[in-house]
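Notes follow the structure.
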Amino acid sequence: MRPLPIRARLTAWYFLVMCLAFGLFSFLAFFEVRESIHSAVDEGLRDRAADIRELLERQWPAEQVKRELAAGSSVRGEDDILEIAETRGEWAYDSVSALHYGLHLGRSGKPDEKFHFSTVYSKRMPLRILNGELRVADKAYDVQIAAPMDDFYDAVNRFRLVLLFSVPVLVVVASAGGYWLSRKAVAPVAEIARAAQSISEHELSKRLPILQTGDELQSLSETLNEMFGRLERAFKRVTQFTADASHELRTPIALMRTRTEVALRKQRSEADYRETIVRIHQELERTSALIENLMSLARADSDNEPLQVAPTNLNELFLEISETARLLAEGKSLRYDQQLSETPLNVSGNAPSLRRLFLILIDNALKYTSREGRISVVLESSDGAAVTEIRDTGVGISTTDLPHIFERFYRADESRSRESGGTGLGLSIAKWIAEAHQGKISVVSKVGEGSVFRVQIPLSEEGL
């Protein structure tokens, strides 16, 4: 079964809430009006009882009291319903209206002049009755005073009919208004959905319209646009990475294919075949290195294989690296030296990855430093971090290229060509390794004077 649209569900909930609210309001209003009428009538009956008490306090003879009561009844007319009797039976009085409705005086049995109120029907007339006892001097009188409630109840019934007919109308009108409001409120969501559906992998630059409402819908649009921006950047990176990788792989494959085709065109000497095989082997080594680097970056992007870290002594790590670095430097007639901190610097890291990071930077310095140049490594601590600086006296990096050198497949100039043996991925991998260790890598360089690569990695608690 297909679920109802949001606007229909909102309207249904709105209708239910309005029904409950108006129903509760009507119930409370009806009983509040009726109780207010009872309270007003009861107050009038108390006033009438006070008048009678005042009359009895004059200590007039019984007959004179009766004449006064009768005179008052004639003035009040049919609404004067009164019965009074001396408790010892010396005299009693019943108004004409009391006799008409057939009321019988009953003792309330409540001392201290406390009155009891009740509602009864007599001859289809609703009557509000006060029963009580009045004490004057040494005498007690039972009193029963009543007031007709027909006019009041008619008003209450009319009020009830108004509620019965008006509340459903109000609920229907309010529900219709709620449906209109919910439809208006949901309309931007439908617009956002249509705009989102129009964004495909070929149109990731498109964005959703920003609704300047200052509410959740504007926040939703802005959040989705930020997400589309991240997707666009990621898609561009993947596309560019794929294109660059294809280009980098196509070149060595084309070279190897060309060399084999040339070698097979005619009979050649053993030396020629050997030279061809050596060249193909060199291209295979470069291609293997490129594929290995591509796999490393792919694992870094997927974040599925976090580095396994352990306490690592950087001093010992550089002592291991120094032998390899010196051999490479001697092969290019370069001077290599390193200055390590006297205090062991321990970090929480992955030793093979850190070794690769520093070898990438040292190898990079060796490639772009001319003969008789110098490579130096300095390891020290600063502000709770192990700071490594790898300095060279090489060709340097221009200010134009400097912001891009950590980008994948980026080569600054012709000196960073394939002849140098690079793939354009080394510095990207170095940056990833540094950031995976909660560190950072930076570079300062000047053309013709050399470069300084600086790596900062937080020290572990043991290294502080």
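Quickly run through segment 325-334 and pick out the residues that are without any contact (Cβ under 8 Å) to a residue 40 or more places away in the chain and surrounded by 14 or more Cβ atoms within 10 Å (Cβ to Cβ).
Matches in segment 325-334: R326, L328, K332.
Of all residues in segment 338-357, which are part of a loop (DSSP other than H, G, I, E, B) and either open to solvent by 60 Å² or more (accessible area, probe 1.4 Å) or more than 26 Å from R374 (Cα to Cα) (or both)?
Answer for segment 338-357, where residues must be part of a loop (DSSP other than H, G, I, E, B) and either open to solvent by 60 Å² or more (accessible area, probe 1.4 Å) or more than 26 Å from R374 (Cα to Cα) (or both): E342, T343, P344, N350.
Name the residues in segment 209-233 that are more than 20 Å from the chain's Cα centre (by Cα) and either on the phi > 0 side of the Ramachandran plot or not in a helix (DSSP H, G or I) (or both), would you?
Listed by number, the list holds a single entry, P209.
Could we say that I441 is open to solvent by 20 Å² or more (accessible area, probe 1.4 Å), within 30 Å of A310 (Cβ to Cβ), at pLDDT 85 or above and among the hydrophobic types (A, V, I, L, M, F, W, C) here?
yes
Yes or no, residue by residue, for (1) acidic (D, E); (2) open to solvent by 100 Å² or more (accessible area, probe 1.4 Å); (3) modelled with pLDDT of 80 or more:
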site: P252; (1), (2), (3): no, no, no
site: T258; (1), (2), (3): no, no, yes
site: S269; (1), (2), (3): no, no, yes
site: D272; (1), (2), (3): yes, no, yes
site: E275; (1), (2), (3): yes, no, yes
site: S288; (1), (2), (3): no, no, yes
site: E292; (1), (2), (3): yes, yes, no
site: S296; (1), (2), (3): no, no, no
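What do you reckon, is L56 closer than 27 Å to D154 by Cβ and touching a residue at least 40 places away in the same chain (Cβ under 8 Å)?
no
Out of curiosity, is R46 under 30 Å from F152 (Cβ atoms), open to solvent by less than 80 Å² (accessible area, probe 1.4 Å) and of a type in the set (D, E, K, R)?
Against the criterion (under 30 Å from F152 (Cβ atoms), open to solvent by less than 80 Å² (accessible area, probe 1.4 Å) and of a type in the set (D, E, K, R)), R46 does not qualify.
Going residue by residue through segment 126-147, is there one that turns out to be more than 18 Å from G44 (Cα to Cα) and part of a helix (DSSP H, G or I)?
Scanning segment 126-147, I find no residue that is more than 18 Å from G44 (Cα to Cα) and part of a helix (DSSP H, G or I), so the answer is no.
Note down all Cβ pairs under 9 Å where the first residue falls in segment 192-204 and is in a helix (DSSP H, G or I), the second is surrounded by 11 or more Cβ atoms within 10 Å (Cβ to Cβ) and among the basic types (K, R), and they're at least six residues apart or on different chains.
A195/K206; A195/R207
State all residues of segment 73-98 that are open to solvent by 40 Å² or more (accessible area, probe 1.4 Å) and either over 15 Å from I129 (Cβ atoms) or not in a helix (DSSP H, G or I) (or both); if no residue qualifies, say none.
S74, V75, R76, E78, R88, G89, E90, A92, D94, V96
Pairs only if they're at least six apart or on different chains, beta carbon under 6 angstrom, first in segment 64-81 and without any contact (Cβ under 8 Å) to a residue 24 or more places away in the chain, second of a type in the set (S, T, Y) and not in a helix (DSSP H, G or I); list them, first residue then second.
Qualifying pairs under 6 Å: D80/S95.
When you look at D363, is it touching a residue at least 40 places away in the same chain (Cβ under 8 Å), part of a helix (DSSP H, G or I) and open to solvent by 30 Å² or more (accessible area, probe 1.4 Å), yes or no?
Yes.
Looking only at segment 138-150, decide whether some residue is out of contact with any helix residue (DSSP H, G or I) (no Cβ under 9 Å at 6 or more places or on another chain) and closer than 25 Å to F31 by Cα.
yes
The values are calculated or read from the model by the stated rules, or taken from the named source; none is laboratory data. Source: prediction; values computed, not measured. Every residue, glycine among them, receives a Cβ derived from its backbone with ideal geometry; neighbour counts consider all protein chains shown. Accessible surface is based on the protein model in full, side chains and every heavy atom, while ligands, DNA and RNA are left aside. Shrake-Rupley method; radii C 1.70, N 1.55, O 1.52, S 1.80 Å.
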